[in-house]
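Scroll down for the structure; my scribbles are underneath it.
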Amino acid sequence: MPIRTPSRTTSGDSSPTDEHLQREIMSDTAADSELRIVADDEPLDTPVIAVDETLLHRNIDEMASLARSCGVSLRPHSKTHKSPRIARLQLEAGAAGLTCAKLGEAEVLVAEGGVRDILIAYPIVGELKIRRLLDLTNRAHITVAVDSLEAALALSRAFANSGRVLDVYIEVNTGQDRAGARAGQEAVDLAVDIARMPGLRLSGVMTHEGHAGFSGPDEISTVAQNAGQALVDTAERLRGLGVEVTQVSVGSTPSSWFTPRVKGITEMRPGTYVFHDNNAFRHGRIGPDRCAARVVATIVSRPAPDRAIIDAGSKALALDPSPSHPGHGYIVGHSDATIARLSEEHGVVLLPPDEQGFNVGDRVEIIPNHICPAVNLTDELVIVRDGEIVDRWPVAARGKVREGQFASRNAA
């Protein structure tokens, strides 16, 4: 049976409040979680990622409404979908531009999606990448995140020598302890030095408060808002030194209900919201019925009463763990079944004694723990409307982690 979702609705420029959107999600989460995206009689070669078109539109519209209600710009992170088609839908819904994790993703979105404003939220290091970046800035407005003097100096030399100016954001560490200069004096000192470099224009500060998503439901609001406040305070200190910072940018789907509400935030960069995944269940706002993308798999073996084998292994589901549900994904309609182990092509599902189905040839739909790497493993998304397959969209920016076929083809 196909999943039933509300039709796409908009009402002029009116934006529902944050509280209204949260109530709507939480009420919807309680219902329909057993329904499937693809009708049983639809021919489908598995494993494949199927996307419910109505849910996709709803998720896109909902985040656009949330951004408007918070008074911030929306610059979605495309690493989740890596799709020029979905990037266009986000722009049509009001996004100011897109965010990419890698230069190769940006090249694809510009060439195949017509995107003209992109933040590359990742350091650009090395002569080959800088050369590609220079070429890309001929075709679109590109902003690059930096967090070190070494990376900034190389960019400064290249752009100053070419007679151009590159917009940069300082990446600020507000608690995730990944990349970024630590919020406060460390980030301020770095930003002041970079603001003096020729060929660069310091246009913003940014953080990825991803650590908030790993906190519990009772702590996420505080952790997210503290991260946002640390970023705002850093920007204010820079302005006090005469360094004008126009953009104060945060990015994380789990914290998107909280961080953008901090006064002084100007931009938000959520990514996984377009599909949602098993990780989203943790905080109680999203349930299986709101997950637009699912890996459809087939039962290929039933070697024991308590064990079934699916044709989706680590090459389809990836290996990310999740605190939300045990195992390597949530099997829709079978919450007590556990995908206990993955090899490359096999998924081992452990079954409780009373579990129905899982006969050889049956299909199941799996919500991955982390949708981003799962999408990166597939060449296309199967688009489904009312249970029927209506289109197939290429994941055109998958695997673009270095100079490769796409860049070489353009240079030929």
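The values are calculated or read from the model by the stated rules, or taken from the named source; none is laboratory data. These numbers were taken from a predicted model, which means no experiment stands behind them. So basically every Cβ, Gly included, is an ideal-geometry build from the backbone, and we count neighbours across all protein chains shown.
Return the residues of the stretch 193-211 that are of a type in the set (D, E, K, R), more than 30 Å from the chain's Cα centre (by Cα) and not in a helix (DSSP H, G or I); say none if nothing qualifies. First the steps, then the outcome.
Kept after step one, since they are of a type in the set (D, E, K, R), are these residues of the stretch 193-211: 193, 196, 201, 209.
Going one step further and asking which of them are more than 30 Å from the chain's Cα centre (by Cα), we end up with 193, 196.
Correct list: ARG196 only.
Quick test for you: out of ALA151, ALA183, ALA160, pick the one residue that is in contact with a helix residue (DSSP H, G or I) (Cβ under 9 Å, 6 or more places away or on another chain) and at pLDDT 95 or above.
Testing whether each residue is in contact with a helix residue (DSSP H, G or I) (Cβ under 9 Å, 6 or more places away or on another chain) and at pLDDT 95 or above leaves just ALA183.
Hey, which of the strands (runs of 3 or more DSSP E) in the stretch 318-368, taking only ones fully inside, have at least 2 residues that are under 22 Å from the mean Cα position of the chain (by Cα)?
Passing ranges, in order: 363-367.
Quick one: is ASN359 assigned by TED's automatic domain parsing to the domain that holds GLY333, surrounded by fewer than 21 Cβ atoms within 10 Å (Cβ to Cβ) and modelled with pLDDT of 95 or more?
When the stated conditions are applied, ASN359 passes them.
List the residue pairs whose Cβ atoms are under 8 Å apart, where the first residue sits in the stretch 233-247 and is within 13 Å of VAL168 (Cβ to Cβ) and assigned by TED's automatic domain parsing to the domain that holds LEU190, the second is outside any helix (DSSP H, G or I) and among the aromatic types (Phe, Trp, Tyr), and the two are 6 or more positions apart or on different chains.
GLN247/TYR169
Determine if the stretch 54-62 includes at least one residue that is at pLDDT 95 or above, touching a strand residue (DSSP E or B) at 6+ places or on another chain (Cβ under 8 Å) and part of a loop (DSSP other than H, G, I, E, B).
No: the stretch 54-62 contains no residue that is at pLDDT 95 or above, touching a strand residue (DSSP E or B) at 6+ places or on another chain (Cβ under 8 Å) and part of a loop (DSSP other than H, G, I, E, B).
Among the residues that make up the stretch 325-347, is at least one of them surrounded by fewer than 24 Cβ atoms within 10 Å (Cβ to Cβ), touching a residue at least 12 places away in the same chain (Cβ under 8 Å), under 30 Å from THR99 (Cα atoms) and out of contact with any His (no Cβ under 8 Å at 6 or more places or on another chain)?
Within the stretch 325-347, one or more residues are surrounded by fewer than 24 Cβ atoms within 10 Å (Cβ to Cβ), touching a residue at least 12 places away in the same chain (Cβ under 8 Å), under 30 Å from THR99 (Cα atoms) and out of contact with any His (no Cβ under 8 Å at 6 or more places or on another chain).
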